[in-house]
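The next block holds one structure in the form of C-alpha cells; read it before the comments.
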Amino acid sequence: MSSFGLLRLAAFSTSLVLGATASSSARSPAASTGVKVDFDRQIRPIFSENCYQCHGPDEKARKAKLRLDTKEGAFRALDGKTVIVPRRSAESELIKRITSQDPEEAMPPPKSNHKLTVNQIELLRQWIDEGANWTRHWAFNAIQDPALPKVKNSRWPANEIDHFVLARLEHEALSPSPEADRQRLIRRVTLDLTGLPPTPN
C-alpha cells in the first residue's frame, strides 16, 4: 500500500474513533451543554433496552395495553392517566413510575432486572420538558450534513472533521498539538497497521 493510501486509511480510522466517542458522550444528559435531547439517539435506546420487552411491538408480551415503541401509544391516556405530557414531566405517568419507590408501581419492575440510571431518568425528564419531540427511526430519514460547530480558532480546521475535533478540544480547554511531519505520520500508520516500521519503498 502506498504512503498516500496509508494516510487516507489513518484518517478514516480516526473518524470512526471520533464517531464512537461522540456516540458515547451523547448518552449523558444534554442539559450541561445546552443542547436539546435527541430522541432517536438518546431516548429511543432507553425505551428499547428497558421498556420494549413489556411495552413494545410484541402484542402477546405487552403489559397494561401500553406501547412505548409508537408515538400514538406513548402519548395516549390510560385509565385517566397520560403516559407522557409534553412540557410537563411532573404530570407524566412515565416519570412518576420510573422514580417511584413503591415496588408495585416502579418501572421497570424490580423483577425485570432492568434499572434506569440517574442520567437516563434526567434525560427522559428533560426530553419531556423540552416538548417530548418524537422522531421516526434514523434509518428512515434522509441523510443530512450536520451543522459545523463554532470554534474560536477558525484558522486551524483544514476540513469538516477538524471543526468537530477542535470544538471538543476547546470545550475541554485544550489546544491541538502541532502537526507532525509526513515521515512521522507514515511511521505511526505503518506501526499501527503492521506492527513494523515503514520500508524505504
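The values are calculated or read from the model by the stated rules, or taken from the named source; none is laboratory data. Small disclaimer: the values here were computed from a predicted structure and weren't measured. All Cβ positions, even for glycine, are placed from backbone atoms using ideal geometry, and neighbour counts span all protein chains on display. Side chains included, ligands, DNA and RNA excluded: accessible areas come from the protein's heavy atoms. Shrake-Rupley method; radii C 1.70, N 1.55, O 1.52, S 1.80 Å.
Taken as a whole, the condition of being without any contact (Cβ under 8 Å) to a residue 24 or more places away in the chain, closer than 16 Å to ILE121 by Cα and either part of a loop (DSSP other than H, G, I, E, B) or over 23 Å from the mean Cα position of the chain (by Cα) (or both) applies to ALA90.
Identify all residues within region 127-172 that are open to solvent by less than 80 Å² (accessible area, probe 1.4 Å), more than 23 Å from ARG41 (Cα to Cα) and polar (S, T, N, Q); write none if there are none. Answer for region 127-172, where residues must be open to solvent by less than 80 Å² (accessible area, probe 1.4 Å), more than 23 Å from ARG41 (Cα to Cα) and polar (S, T, N, Q): ASN153, ASN159. The residue that is farthest from GLY73 (Cα to Cα), among those in region 116-126 that are open to solvent by 50 Å² or more (accessible area, probe 1.4 Å) and in contact (Cβ under 8 Å) with a residue 24 or more places away in the chain, is ASN119.
When HIS163, HIS137 are checked against the criterion of being in contact (Cβ under 8 Å) with a residue 24 or more places away in the chain, within 20 Å of the chain's Cα centre (by Cα) and at negative phi, HIS137 stands alone in meeting it.
Note on region 100-134: among residues that are more than 22 Å from the chain's Cα centre (by Cα) and among the polar types (S, T, N, Q), the one that is farthest from ARG62 (Cα to Cα) is GLN101. Checking each residue of region 115-122 against the condition of being in a loop (DSSP other than H, G, I, E, B), within 30 Å of PRO176 (Cα to Cα) and of a type in the set (Val, Ile, Thr) gives no match.
Looking across region 93-114, the residues that are under 22 Å from PHE75 (Cβ atoms), open to solvent by less than 60 Å² (accessible area, probe 1.4 Å) and outside any loop (DSSP other than H, G, I, E, B) come down to GLU93, LEU94, ILE95, ILE98.
Applying a threshold of 8 Å to beta carbon distances and a minimum spacing of six or more residues, or different chains, the list of pairs starting in region 71-84 at a residue that is open to solvent by 30 Å² or more (accessible area, probe 1.4 Å) and ending at one that is of a type in the set (Gly, Ala, Ser) reads PHE75/ALA132; LEU78/ALA64; THR82/SER92.
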